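Read through the structure below, which is laid out as structure tokens, and then see the notes.
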Amino acid sequence: MTARHDPNCIFCKIVAGQIPSRKVYEDDDLLAFHDIAPWAPQHVLVIPKEHIESLYDTTPEQHQALLGRMLALAPVLMKQLGVTGGFRVLVNNGPDGRQEVPHLHLHAMGGPRPWAKG
């Protein structure tokens, strides 16, 4: 993990343990935790521990492996959380892309829709 953090960033504070979260995964580079305002029965955020503001701040040369690991982790987490009927992956980027927290993050959302039978 690099030492690049933003002391005012809520996700950096979660990484540092200053703000509690319901973790579902952690390694040296990534942290995944339940969203506090879920849009689905299972809704987790996957974030790099390094402060990267958005996809605009990534390059293939420097971040390809990290971005690939973030995406590859989504189905693993959804399976572990019991999601079997499909899930959605979303990355909001920048203010026009409705990114609310300026720290790169991936939403993985799944579980039965409220109107689905069974």
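A short reminder: the numbers here are calculations on the coordinates, not readings from a lab. These numbers come from a predicted model, not from an experiment. A quick note on method: Cβ atoms are made from the backbone with ideal geometry, for glycine too, and the neighbour counts reach across all protein chains shown.
Structure above, values below:
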{"quantity": "Members of the range 59-99 that are over 21 Å from Val24 (Cα atoms), surrounded by 17 or more Cβ atoms within 10 Å (Cβ to Cβ) and touching a residue at least 40 places away in the same chain (Cβ under 8 Å)", "calculated": "Gln99"}
{"quantity": "Subset tally (residues that are exposed (fewer than 13 other Cβ atoms within 10 Å of the Cβ) and under 13 Å from Phe11 (Cβ atoms)) for the range 25-58", "calculated": "1"}
